[in-house]
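Contents: one structure, followed by commentary.
Derivation of every value follows stated rules applied to the coordinates shown; laboratory data play no part. Everything numeric here is computed off the predicted structure, so don't read it as measured data. Every residue, glycine as well, gets a Cβ built from its backbone with ideal geometry; the counts of neighbours run over all protein chains shown.
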Amino acid sequence: MRAFTFLIFLTFASIAQADLLVSFVKESSLSYDLSPSNYVNSSSNYDNSVSNYDNSPSNYNNSESNYDNSSSNHNNGASGDKRLILEENGKSYRVGYYVRVDNGVINFFSTKGKRLFYNPGKGVGIFHGEKGFFCGVLASVNGNYQLALTEKGTQVLMLSQ
């Protein structure tokens, strides 16, 4: 378990200051290790729950009104280094940004500053920012980390644009 926790720490530490590609994946195609069927990635796991104050949108560290998370913060803007990038037909589009909180939670925001998703920092699961349901995973694809969104996560992202 310690080795897994250390591996997860290294995973998130390595994406702490880099753009993150967004990809789309069918939830049914996820391996058990990455799927919400695995309790580690389940929204019913309290560590992942939006009811857990560490993950809650009512926690100021996760709040859209916190300047660190704001779209008006230069670090979160188009020239920032924590952008969510969608590549399509040879073009790159900025679809949001992410902010890592001191307690390990990673919040993902739309370009308008709305909190879309969070990762609790204790697994690879990505969860809806307000309702807490499973939306995808942080996954290594060809050696690069990506925000891999399921059908539900894709819908949330597209509706935010």
inquiry  = Here is a list: Glu87, Glu130. Which entry is acidic (Asp, Glu), part of a strand (DSSP E or B) and touching a residue at least 60 places away in the same chain (Cβ under 8 Å)?
reply    = Glu87
inquiry  = Suppose we filter the range 140-159 for residues that are within 24 Å of Asp54 (Cβ to Cβ) and surrounded by fewer than 19 Cβ atoms within 10 Å (Cβ to Cβ); how many remain?
reply    = 2
query = Only one of Val95, Val137 is assigned to a strand (DSSP E or B), aliphatic (A, V, I, L, M), over 25 Å from Asn38 (Cα atoms) and in contact (Cβ under 8 Å) with a residue 24 or more places away in the chain; which?
reply = Val95
request  = Under 8 Å between Cβ atoms, at least 6 apart or on separate chains: pull out the pairs that start in the range 26-43 with a residue that is at negative phi and without any contact (Cβ under 8 Å) to a residue 24 or more places away in the chain and end on any residue that is loosely packed, with under 13 Cβ neighbours inside 10 Å and among the aromatic types (Phe, Trp, Tyr).
outcome  = Asn38/Tyr32
ask   = Which one of these is in contact with a helix residue (DSSP H, G or I) (Cβ under 7 Å, 6 or more places away or on another chain) and either more than 16 Å from Phe117 (Cβ to Cβ) or part of a helix (DSSP H, G or I) (or both): Ser56, Ser28, Ser44, Ser35?
value = Ser35
Criterion: among the acidic types (Asp, Glu) and assigned to a loop (DSSP other than H, G, I, E, B) - qualifying residue of Asp81, Asp68 = Asp81
